[in-house]
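Quick note: the coordinates plus some simple rules give every number you see, no bench work behind them. These numbers were taken from a predicted model, which means no experiment stands behind them. In this analysis, Cβ positions are derived from the backbone assuming ideal geometry, glycine residues included, and neighbour counts consider all displayed protein chains.
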Amino acid sequence: MAATASTTSHSLLLQKTPQNHAFLKPNSTTFTLTYQRSPKPFSISCSATTPTQDRPLVQSQPQDRVFNFAAGPATLPENVLLKAQSELYNWHGSGMSVMEMSHRGKDFRSIIEKAEADLRALLNIPEDYAVLFLQGGATTQFAAVPLNLSRPDDTVDYLVTGSWGDKAFKEAQKYCKPKVIWNGKSEKYVRVPSFDGLEQSPNAKYLHICANETIYGVEFKEYPVPSNPNGVLVADMSSNFCSKPVDVTRFGLIYAGAQKNVGPAGVCIVIVRKDLIGNAQEISPVMLDYKIHAENNSLYNTPPCFGIYMCGLVFEDLLKQGGLEEVEKKNKKKAGILYNAIDESKGFYRCPVEKSVRSLMNVPFTLEKPELEAEFLKEADREKMVQLKGHRSVGGMRASIYNAMPLAGVEKLVAFMKDFQARHA
Ligand code: PMP
């Protein structure tokens, strides 16, 4: 590497430096290249790493990282970040970064195929479902779903348990005849209704739910069944995707933006039953037609290659953790600790969501004395716990504790909350 750079008559000093890079693996070597004859001497450091390690061997230095409670983009698994770092410069000896590869070359094909295979293994996705890696975020799916699953005169049902479901409904109004069959807005979105009393439209092509409302922290623990035998259940799983096992066969279509649980922003995953593909409305843009993407294995145009690669690393990591049953156990433990702390605070902290549907991923809570909120956030920030401010539309606090939030992060938050209460009650 560095040595090949010495092609001029100018002197180059190659000097091995101590291994002090924050995320360096022990089998890495860092060189400093000092260029002496330039008008101004300068030096460049570069590191060589063994490219195909399964997991980086050295832990990052915790003092470099904060506990990031953001709702998305959100914290990613540290070992995934480290692996991506080790492969960033030269992926598996290909001589280039994943960011530089042709999406049609065999290297990238192996990446996207492995990502899909690992996701299929994680969620036990049957062969009669297609897996699509798309762009445009979950918001684009608010339009793609009605465009692909309904005709302009068709009725479709929306169960609205928060503002994402509401947004999905409003977008569908442009393409078909959606009906809100239940809306939790008047109660400030704190619950999921009983399914027995729902008045579904007899001919609804689909019933849409948002499986986890990221802002309000309301999560479906059971799923409704469409009353139309030819209708299907559709779920926006953006904020609880791969956080627990899901019976995919209960759904006609699942979609999820990646940037909460499974990767960086820029990738949206759609899992759709194959017999539902191929009926897009004529006005559908080509980029919103599932048939086009399914026939081209998500490579119709240039996909978000690096994001898909990152999702693949996350899927691999989730499998190594033992799959989604294990992941769910960890998520239940983390959420349990936090909700207990809130419920045991004698009203100092309060979570408005009905206990039976509290989200394992997004925990909203308010302070009894709202005037303390700014101080709470400031002190938490000082303790390297960031992004705890609730969504601008609801205020209060929200701790997003996705798969990648370590138990230590939740324990630290709870200890801080107790201490804050002791000082401010
Ligand atoms: N649905 C849910 C449940 C979300 O949480 C979000 C983003 N926070 C969206 C949809 C919109 O996703 P995107 O920004 O990727 O379009």
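How would you classify segment 124-239 from its alpha-carbon gyration tensor, with a ≥ b ≥ c the square roots of the eigenvalues: rounded for a/c under 1.5, else prolate if a/b is greater than b/c, otherwise oblate? It comes out rounded by the Cα gyration axes.
Label-to-label distance for E368 and K320 is 4.5 nm, based on points extended 7 Å past Cα in the beta-carbon direction. Electrostatic tally near A399: other residues with Cβ closer than 13 Å to its Cβ, Lys and Arg +1, Asp and Glu -1, net +4. Computed extension gain for D343 through N230, at 0.36 nm per residue and net of the alpha carbon distance, reaches 36.4 nm. Around F169, with a cut-off of 12 angstrom between Cβ atoms, what is the net charge of the other residues, counting Lys and Arg +1 and Asp and Glu -1? Net charge in that neighbourhood comes out at +2.
If you take the beta carbon distance between H424 and N90 as r and set R0 to 51 Å, what does 1/(1 + (r/R0)^6) give as a FRET efficiency, to the nearest 0.05? So, using R0 = 51 Å, E works out to roughly 0.45. Cα gyration tensor of segment 80-321, axes a ≥ b ≥ c as square roots of the eigenvalues: rounded (a/c below 1.5), prolate (a/b > b/c) or oblate? The shape class here is prolate. Length available on full extension from D196 to D128: 0.36 nm per residue minus the Cα-Cα distance, which gives 21.5 nm. Note on segment 323-424: Cα-only Rg and Dmax are 13.1, 43 Å.
Where does the charge balance sit around Y339 when Lys and Arg score +1, Asp and Glu -1, over other residues with C-beta under 9 Å from its C-beta? It works out to a net charge of +1.
Here the calculated FRET efficiency for R109 and K329, from their Cβ-Cβ distance with R0 = 45 Å, stands at 0.85, rounded to the nearest 0.05. Adding -39500 (n - 2.57) for every DSSP H run of four residues or longer, then dividing by how many residues the chain holds, sets the calculated 222 nm ellipticity at -9000 deg cm²/dmol.
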